[in-house]
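FYI, it's all coordinate maths here, none of it is from the lab. In this text, all values refer to a predicted model and were calculated from it rather than measured experimentally. All Cβ positions, glycine included, derive from the backbone under ideal geometry; neighbour counts span all protein chains shown.
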Amino acid sequence: MKQLIRYISLVVVCICTFLLSGCSFVWTTENGDPATPEDIKASLEKEFAVVHPNLVLQSSVVEQEKPFQRNVYVFYDESNGFSFTTNSVVQRPTLPVPGGERYTNANFAYSQEYLIHLNAALVERAKQHGLRMATHEEVLKLKKSEATRVAGTNKIPLFRSNEIIFVDKSVKGEDILTFMKFIYSEYKPQDNRALLHPRADRSVDIYYLPKGEEDKTKAEYLIGFRFMARNDWKETMLTGIGSTGKDTFAVERDFVKVLDHMIKHAGY
């Protein structure tokens, strides 16, 4: 029986190795070498080609020696202007077989840092539409605040999303629609889902904050949206609003109406 289980496991390993040969991990021994910086550079530049990365290795450190070696690499993306850190390890196999498997969190690390880096450009773009968008540093600070809101019968933190947008009475639903479409185009350039793979989807919450009010913890939550790899623009809007619109244009029309209504009645 044990031999049968081992045989089946080895067959599964062979199949997985074949299917996953282009992915971020491959089978090796417990004394094997992790993916090299060159391996990761080539993989990332292919996976995220839509944003034209040009990666330069800044440092390489062995955090743990063999068996099950663990390396840490720091890369700088010359094309997009940011650094990120990624792990490259040999870990115990997920399947019950001897040996080890190579694993790296490079895709997640790159996409997360890219999206965080993108925040600065979004903050400036928001101003063109009369919106105030929190910087990444402000978002982190607001999440640590003790401000809460009521959701149903529960109190929950007021700020929980990746990005935070503040609007006042001068803002129209059309302004928000235009800006949210821009965010979508940046998160999914050319509708490419690479930046929003499942572990890296993004949440954007919208709040009412009267003009001139500097204390952002006094903001009133209006609505939130999620940007996910599997969703197109229409489906992205529907993560926040309810709509029976048959096409994207109809949902956009409902989006504007909903936001106009929320802003009109906010603050009372």
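Could you work out [θ]222 nm for the chain from helices alone, using -39500 (n - 2.57) per DSSP H run of at least four and dividing by all its residues? Round to the nearest 500 deg cm²/dmol. Numbers along the way, then the final one.
Values: 7 runs with 98 residues, N = 268.
Helix-only estimate at 222 nm: -12000 deg cm²/dmol.
Taking the beta-carbon count within 10 Å as an exposure proxy, list D205, D215, D39, D232 from fewest neighbours to most. Mind showing how you got there, number by number?
On the way: D205 22, D215 8, D39 17, D232 12.
The order, fewest Cβ neighbours first, is D215, D232, D39, D205.
Name the residue from T248, S203, F179 whose Cα lies farthest towards the positive end of the charge dipole of region 140-268, charges +1 on Cβ of Lys and Arg and -1 on Cβ of Asp and Glu.
S203
Could you work out the relative contact order of the chain, using alpha carbon pairs under 8 angstrom and six or more residues apart, expressed as a whole percent?
13 percent
If you place +1 on the Cβ of every Lys and Arg and -1 on the Cβ of every Asp and Glu, how big does the dipole about the Cα centre of region 113-265 come out, in debye to the nearest 20?
280 debye
With a 10 Å Cβ neighbour count serving as the proxy for reagent exposure, in which order, fewest first, do Y207, Y221 appear?
Y221, Y207
Convert each backbone phi in region 73-83 into a coupling constant with the Karplus relation 6.51 cos²θ - 1.76 cosθ + 1.60 (shift: θ = phi - 60°), then list the ³J(HN,Hα) values in order as whole Hz, x for Gly and Pro.
10, 10, 10, 10, 8, 5, 6, 10, x, 8, 10
Starting from a Cα-only point model with no solvent, please compute log10 I(q)/I(0) by Debye for the chain at q = 0.12 1/Å.
-0.85
When a footprinting reagent is the concern and you count Cβ atoms within 10 Å, what order do I183, I206 take, fewest first?
Lowest count first: I183, I206.
Using a Förster distance of 41 Å, how high is the FRET efficiency between S79 and V26, based on the Cβ-Cβ distance and rounded to 0.05?
The formula returns an efficiency of 0.90 here.
Could you please state, rounded to a whole Å, how far the C-alpha centre of region 71-85 is from the C-alpha centre of region 206-268?
Each part reduced to its Cα centre gives a spacing of 34 Å.
In this model, which of K127/K216; K216/K264; K141/K181 are farther than 22 Å apart at the alpha-carbon?
Check vs 22 Å cut-off fails for K141/K181.
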